[in-house]
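Peer 1: Sharing a structure, written as structure tokens. Questions coming.
What follows is calculated from the coordinates using simple rules that are stated; it is not laboratory data. Computed from a predicted model, the values in this text were never measured in an experiment. No Cβ is skipped: glycine too gets one built from the backbone with ideal geometry, and neighbour counts run over all protein chains shown.
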Amino acid sequence: MTEHYLRFVENEDEAQMTGYKFSVQGNRVIISQTFHHSEYETDRPKNYSKPSARKFWSSLIASGKFEEVRPSLSQVLANIATNGGFLTMNDLAVIAKEDRLKMILVRMGNSRFLAHAQDVKWLVEIVQRDGKDYVRDISLPAK
């Protein structure tokens, strides 16, 4: 399960930060309103299909009133340590934004490769689209 957050940007006071939490669970997405992007949910969660949730997400972004909340690089690095050293695609996006040439290790069923953080998502999509192998995990290589 992955979680994504949108923050309502028209509130200038951090104490009034509100938004939406999107919890992806397979082909379904649970959407709830949140306060300060934590577990404080202010309404009953709603169950959406992935396409419906994407449409809702896109409409919120297009309104100009919401922006995606992304963790900082230091938060991602701390999470990696608690996640057995493995990266999620969200972690990868943060790393690529901060250090696009950072080398990332991608292990597959039959092989492995190193690639720059900016290229990993594209390469993983090629492997998945080809269907002859699968991505086992993504991590930072040991030094």
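Peer 1: Considering every Cα-Cα pair within the chain, what fraction, in whole percent, is farther apart than 24 Å?
Peer 2: 42 percent
Peer 1: Further, regarding this structure: Any idea what diffusion coefficient region 73-139 gets from Stokes-Einstein, in µm²/s, Kirkwood Rh on alpha carbon pairs, 4 °C, 1.567 mPa s?
Peer 2: Translational diffusion coefficient: 107 µm²/s.
Peer 1: Under 5 Å between amide H atoms, partner at least 5 residues away or on a different chain: which partners does Asp137 have, H built in plane at 1.01 Å?
Peer 2: Arg107
Peer 1: Between Leu77 and Asp119, 0.36 nm times their residue separation minus their Cα-Cα distance comes to what? Can you show the working numbers first?
Peer 2: Working: separation 42, 0.36 × 42 = 15.12 nm, distance 1.92 nm.
So the chain would gain 13.2 nm between Leu77 and Asp119.
Peer 1: Same structure again: Which ³J(HN,Hα) values in Hz, rounded to whole numbers, follow from the phi angles of region 93-99 under the Karplus curve 6.51 cos²θ - 1.76 cosθ + 1.60, where θ = phi - 60° and Gly and Pro get x?
Peer 2: After applying 6.51 cos²θ - 1.76 cosθ + 1.60, I find 4, 5, 4, 5, 5, 7, 8 Hz.
Peer 1: Can you work out ³J(HN,Hα) from phi for every residue in region 111-121, in order, using Karplus 6.51 cos²θ - 1.76 cosθ + 1.60 and θ = phi - 60°, giving whole Hz and x for Gly and Pro?
Peer 2: Once θ is set to phi - 60°, the couplings for region 111-121 become 7, 8, 8, 9, 8, 5, 3, 5, 9, 4, 4 Hz.
Peer 1: At a 10 Å Cβ-Cβ cut-off, how would you order Thr34, Thr18, fewest neighbours first?
Peer 2: Numbers: Thr34 21, Thr18 17.
Result, fewest neighbours first: Thr18, Thr34.
Peer 1: While we're looking at this one, here's another question. Under 5 Å between amide hydrogens, which residues at least 5 positions from Phe66 or on another chain qualify, with H placed 1.01 Å from N in the peptide plane?
Peer 2: Val9
Peer 1: Are there trypsin sites (Lys or Arg not before Pro) in region 43-111 that DSSP marks as loop and that have at most 14 other Cβ atoms within 10 Å, and which are they?
Peer 2: On the way: sites: Lys46, Arg54, Lys55, Lys65, Lys97, Arg100, Lys102, Arg107; in loops: Lys65, Arg100, Lys102.
Sites meeting the loop and neighbour criteria: Lys65, Arg100.
Peer 1: Same structure, new question: As a footprinting exposure proxy, order His116, His4 by other Cβ within 10 Å, with the fewest listed first.
Peer 2: By the 10 Å Cβ count, ascending: His116, His4.
Peer 1: Would you kindly derive the ³J(HN,Hα) couplings of region 59-74 from the backbone phi angles with the Karplus curve 6.51 cos²θ - 1.76 cosθ + 1.60 (θ = phi - 60°), listing them in order in whole Hz, with x for Gly and Pro?
Peer 2: The phi angles translate into 5, 5, 5, 5, 5, x, 9, 9, 9, 6, 8, 10, x, 6, 4, 5 Hz.
Peer 1: Hey, in the GNM for the chain with a 10 angstrom Cα cutoff, which one of Asp133, Asp91, Asp99 fluctuates hardest?
Peer 2: Its mean-square fluctuation being the largest, the pick is Asp133.
Peer 1: Would you order Leu101, Leu77, Leu92 from fewest to most other beta-carbon atoms within 10 Å of each residue's own beta-carbon?
Peer 2: Result, fewest neighbours first: Leu101, Leu77, Leu92.
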